[in-house]
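Presented below is the structure to which this report refers.
The values are calculated or read from the model by the stated rules, or taken from the named source; none is laboratory data. Keep in mind the model is a prediction, meaning the values are calculated, not measured. Virtual Cβ from ideal backbone geometry, glycine too; neighbours counted across all protein chains shown. Keep in mind that these areas ignore ligands, DNA and RNA; they rest on the heavy atoms of the full protein, side chains included. Shrake-Rupley method; radii C 1.70, N 1.55, O 1.52, S 1.80 Å.
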Amino acid sequence: MDTNNSDWQRTHYSSEVKPELDGQKVTLLGWIQEIRDLGGISFIILQDREGTVQITVPKRKVADEFLRKVEALQKRFSIGVRGIVKKTQMTPRGVEVIPEEIRVFSTATSQLPIDIVGKVHANLDARLDARALDLCREENIAVFKIQHTALQAIREFLLDKGFIEVFTPRIIASATEGGAALFPVDYFGKKAYLAQSPQLYKEQLTMSLEKVFEAGKFFRAEESHTRRHLNEFVSIDIEQAFASAKDVMKLLEQLIQHTCKTVSEKCQRELALLNHRLEVPTLPFKRITYDEVLADLKREGVEIPWGEDIPTPAFRKLGRIHPYFYFIVDWPTKSKAFYIKPKDENPEICEGFDLMWSWIELASGGTRIASKALLIKRLEEKGLNPESFKHHLQAFDYGMPPHAGWAIGLERLTMMLTGKKNIREVTLYPRDRFRLTP
RNA sequence: GCCCUGGUAGUAUAGUCCGGUCUAGUAUCGGCGGCUGUCGCCCGCUGGACCCGGGUUCAAAUCCCGGCCAGGGCGCCA
């Protein structure tokens with residue numbers, strides 16, 4: 001065993017080994033995905049982050065010592081291979097590598113907990129129990145490369161539009177925002193909580209940095225048991241000074257289009273591997289009012305009293321009518337958070353919106369209240385105590401600009417981009433009501 | 001938290017309805033052996049399982065009760 005590779009630098013990733021390199025010496029580092037030993041000849045599939053390449057060992061032509069080393073190899077051994085690239089008609093990729101030297105960096109147990117080549121597909125629960133190994137499967141590497149590409153595209157887009165990336169606290173003092181339950185933590189003997197959203201902080205930042213965004217983990221202590229909820233998730237939040245819901249909705253749909261376009265261009269191999277066709281949406285997205293939603297649902301035989309939230313089965317029906325992206329606007333004020341601005345001409349409805357993808361809520365946002373008096377009124381109407389918000393309210397004494405923003409769930413976006421139906425599939429180490437490990 | 005369905009080798013499943021040749025089948029996987037062009041390699045041998053606890057019965061993987069766990073759905077999710 002060779003426990004370090006300091007004198008061996010990788011010259012190529014597997015995907016870079018091409019027929020044009022015929023005759024050239026390469027150094028490859030990675031893992032054994034599969035071995036097919038035919039007796040006189042052995043085929044080793046070497047996997048790295050970028051794909052796989054075949055290492056071909058003609059056993060009768062190699063030295064005994066080298067042969068013994070090859071015979072001892074097993075699936076998932078971490079190895080280095082130094083050898084000569086050979087152009088060939090006999091592999092799907094048109095190349096193979098004839099090894100001259102092999103180093104074993106690390107071994108693996110012979111009986112793996114899940115099949116990594118996809119012959120017998122393990123259930124999600126078994127896969128999550130062996131997540132480190134599960135993530136080695138090419139399908140999972142594809143999922144997380146797509147997520148990475150999407151996040152890069154989003155950053156690029158927002159930076160280009162003049163947004164400044166910020167970091168707000170994850171540990172907060174007050175649990176009085178209402179709504180979602182918070183996880184308590186002990187903060188030097190004081191009671192504190194894990195943040196459920198950067199909402200109040202990002203609003204305050206519009207009076208200094210004007211246009212901000214944050215991509216970060218947030219926590220909700222809800223006992224949800226669905227395919228689209230996690231207790232720890234990534235939220236991409238923006239907030240913009242001197243802007244309204246209309247402005248940030250435009251920004252959001254452009255960002256979605258840009259992200260889909262970038263992923264469909266840069267991740268063709270990954271999308272093909274996942275057998276997923278990603279459509280780049282055309283703009284603008286449909287804007288459907290809450291009243292229109294109720295009317296759509298009524299035609300489907302579902303009657304919802306005005307002002308009520310839309311239950312999940314109704315959203316599913318709605319998703320069948322509007323199968324792709326659409327906004328729902330003009331929500332009843334009472335169904336949205338206290339900081340969403342009621343319409344001036346009709347305070348019963350508000351300037352909040354949801355971005356839907358079929359039946360799933362991808363993002364939500366709106367124009368925020370910039371008036372301290374109105375915000376206090378709304379807090380009271382929601383049964384919240386303005387005293388608990390005094391630090392936030394104080395910001396409104398120093399020139400809070402009109403502002404608007406939204407938050408999009410990165411995992412839900414990734415589900416859309418990859419075609420995965422369970423949010424746990426697109427989360428490296430998911431945390432849900434029943435899973436705290438690994 | 002509620003409802004439905006399920007829990008059988010490392011993994012994925014058959015068997016369960018209707019209890020008894022089930023000594024629990026198959027695939028994949030692991031081990032051993034053979035094989036020079038595989039790419040779901042092939043062939044032979046071999047290893048490995050009825051979630052836990054209680055009950056019914058001559059007899060339980062199979063029926064009943066409780067627990068735990070999982071999948072789906074609902075609720076919750078400013």
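Which members of the stretch A:341-351 meet the condition of being crowded, with 21+ Cβ neighbours inside 10 Å and out of contact with any helix residue (DSSP H, G or I) (no Cβ under 7 Å at 6 or more places or on another chain)? Please lay out each step first, then the result.
Kept after step one, since they are crowded, with 21+ Cβ neighbours inside 10 Å, are these residues of the stretch A:341-351: A:341-342, A:349-351.
Selection gives A:341 alone.
As an exercise: evaluate residue A:128 against (1) near RNA strand B (Cβ under 9 Å from one of its atoms); (2) of a type outside the set (Asp, Glu); (3) touching a Phe, Trp or Tyr at 6+ places or on another chain (Cβ under 9 Å); (4) within 30 Å of residue A:22 (Cβ to Cβ) and give the number of the one condition it does not meet.
The one condition residue A:128 does not meet is (4).
Does residue A:36 count as more than 9 Å from RNA strand B (Cβ to nearest atom), of a type in the set (D, E, K, R) and assigned by TED's automatic domain parsing to the domain that holds residue A:80?
In short, no.
Give me the pairs, please: first residue somewhere in the stretch A:199-225 and in contact (Cβ under 8 Å) with a residue 24 or more places away in the chain, second residue anywhere and surrounded by 17 or more Cβ atoms within 10 Å (Cβ to Cβ) and in a helix (DSSP H, G or I), beta-carbon distance under 6 Å, and either six or more positions apart or on two chains.
Listed by first residue and then by second, the contacts come to A:200/A:392; A:204/A:395; A:212/A:202; A:212/A:205; A:213/A:158.
Go through the stretch A:294-327 and report how many residues are within 14 Å of RNA strand B (Cβ to nearest atom) and hydroxyl-bearing (Ser, Thr, Tyr).
1
Could you check the stretch A:94-117 and list, in sequence order, the residues that are near RNA strand B (Cβ under 8 Å from one of its atoms) and within 30 Å of residue A:130 (Cβ to Cβ)?
A:110, A:111, A:112, A:113, A:114, A:115, A:117
Of everything in the stretch A:163-180, what is over 27 Å from residue A:243 (Cα atoms), modelled with pLDDT of 80 or more and not β-branched (Val, Ile, Thr)? Give them in sequence order.
Answer for the stretch A:163-180, where residues must be over 27 Å from residue A:243 (Cα atoms), modelled with pLDDT of 80 or more and not β-branched (Val, Ile, Thr): just A:173.
Just name the residue that is farthest from residue A:89 (Cα to Cα) out of those in the stretch A:39-62 that are among the polar types (S, T, N, Q) and either open to solvent by 10 Å² or more (accessible area, probe 1.4 Å) or more than 7 Å from RNA strand B (Cβ to nearest atom) (or both).
Checked the stretch A:39-62; the qualifying residue farthest from residue A:89 (Cα to Cα) is A:47.
For the stretch A:20-32, check the following and say yes or no: at least one residue is within 12 Å of RNA strand B (Cβ to nearest atom) and either surrounded by 17 or more Cβ atoms within 10 Å (Cβ to Cβ) or more than 34 Å from the chain's Cα centre (by Cα) (or both).
yes
Consider the stretch A:371-392. How many of its residues are open to solvent by 10 Å² or more (accessible area, probe 1.4 Å) and of a type in the set (A, V, I, L, M)?
4
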